[in-house]
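Novice: My questions all concern the structure below.
The values are calculated or read from the model by the stated rules, or taken from the named source; none is laboratory data. Keep in mind the model is a prediction, meaning the values are calculated, not measured. Cβ atoms come from the backbone with ideal geometry, glycine included; neighbour counts cover every protein chain shown. Surface accessibility is based on the protein's heavy atoms, side chains included, excluding ligands, DNA and RNA. Shrake-Rupley method; radii C 1.70, N 1.55, O 1.52, S 1.80 Å.
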Amino acid sequence: MAKLAAAYCRSLSVKVIGITGSVGKTTTKEFLFFLLRQKYSSLATSGNLNNHLGVPIMLSRLEPQHQFCVLEMGASHRGEIRYLAGIAQPSGGILTPIGPAHLEGFGSLENVYETKLELADSLPSGSPLVIPDHDERLQEKLRQRGREFITAGYSAKADYRLGDVTVRDGKVLFSINGKWRFSFPGQAAFLALNAGLAIA
């Protein structure tokens, strides 16, 4: 299935965007899918089809008219993200916040970082990579690799700076760089970061 999916994906002109991290993958994927489909024919991971079986299944659902495919990529051991990226050949990526998840498989937080960074290592040179601005450890690892990145978050140094986050009338409202305003339904203000990553 993986070989068939990889060959099929390469026969199309679709741009694949990979999303991985410890938390927020699904929400970030949904935000990005919503944004892209306003203008482009797009497909995104359904449910939890984000592993060695799910990614080929999702790629098999691509149609020739699709311009973007947003793929969530999950892992519980080293090498799994590299394997999924080898199938999907993403041309852009988002790393959501990284933390001590699935340590029974990874063994250490360092291994979690290295596994999530397999997505960055798989991207072509110069392709967009978006990360949270608060993770200095992640940024340092990317600099050591010579990998450029775009940041989104709450600090003044973020490329896409979130501010004015409020919850009102069943919506979360926020701004980017003090000039663009966005909103999404709900009460979970902390999801503004996921939305910011997708916007970036």
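Novice: Given the -39500 (n - 2.57) contribution per DSSP H run of 4+ residues, what per-residue ellipticity at 222 nm results for the chain, rounded to the nearest 500 deg cm²/dmol? Before the final figure, lay out each step's value.
Specialist: Working: 8 runs with 72 residues, N = 200.
The helix contribution divided over the chain gives -10000 deg cm²/dmol.
Novice: If you don't mind, there's one more thing I want to ask. Quick one: compute the contact order of the chain, relative version, from alpha carbon pairs under 8 angstrom and 6+ residues apart, as a percent.
Specialist: It comes to 20 percent, rounded to a whole number.
Novice: Packing-wise, with mean Cβ within 10 Å as the measure, how do 122-129, 164-171, 26-33 rank, highest first?
Specialist: Details: 122-129: 13.9, 164-171: 11.5, 26-33: 21.9.
Packing proxy ranking, top to bottom: 26-33, 122-129, 164-171.
Novice: Follow-up question, since we're still on this one. Keeping every protein chain present and rolling a 1.4 Å probe, give me the accessible area per residue for the chain in Å². Write down the numbers at each step before the final one.
Specialist: Details: 9600 Å² over 200 residues.
Per-residue accessible area for the chain comes out at 48 Å².
Novice: In whole angstrom, how far apart do the alpha carbon centroids of the range 22-68 and the range 104-175 sit?
Specialist: Between the Cα centre of the range 22-68 and that of the range 104-175, the gap is 19 Å.
Novice: Continuing with this model, one more query. Taking the range 1-78 on its own, what percent of its Cα-Cα pair distances exceed 17 Å? The partial results should precede the final answer.
Specialist: On the way: 1250 of 3003 pairs.
Of all Cα-Cα distances in the range 1-78, 42 percent exceed 17 Å.
Novice: Please list, or write none, the lysines whose alpha carbon is within less than 29 Å of the alpha carbon of Lys3, excluding same-chain residues fewer than 8 places away.
Specialist: Lys15, Lys25, Lys29, Lys116
Novice: Right, next: Looking only at the chain, where both bridge partners belong to it, what percent of the DSSP beta bridges are antiparallel (to the nearest 5)?
Specialist: Working: 11 of 30 bridges.
Antiparallel bridges make up about 35 percent of those DSSP assigns within the chain.
Novice: Next question, about the same structure. Return the Rg/Rh ratio of the chain with Cα-based radii and a Kirkwood Rh. Each step should come with its number before you reach the end.
Specialist: On the way: Rg = 16.5 Å, Rh = 17.1 Å.
With Rg and the Kirkwood Rh in hand, the quotient comes to 0.96.
Novice: Take every Cα pair under 8 Å in the range 20-108 that's 6+ residues apart, average their separations, divide by the length, and report that relative contact order as a whole percent.
Specialist: 39 percent.
Novice: Would you report the distance distribution of C-alpha pairs in the range 96-200 as whole percents per 5 angstrom bin, up to the bin with the largest distance?
Specialist: Over the range 96-200, the share of Cα pairs per 5 Å bin runs 2, 12, 20, 19, 17, 13, 10, 5, 1 percent.
Novice: Moving on to the next point. Which percent of the accessible heavy-atom area of the range 76-200 goes to carbon and sulfur, probe 1.4 angstrom?
Specialist: Values: 3080 of 5960 Å².
On the range 76-200, the fraction of accessible area on carbon and sulfur atoms equals 52 percent.
Novice: Also, quick follow-up: If N is the number of residues in the range 89-137, what value comes out of its Cα radius of gyration divided by 2.2 N^0.38 Å? Don't skip to the end; give the middle numbers.
Specialist: Details: Rg = 11.6 Å, N = 49, 2.2 N^0.38 = 9.7 Å.
Working it through for the range 89-137, the quotient is 1.20.
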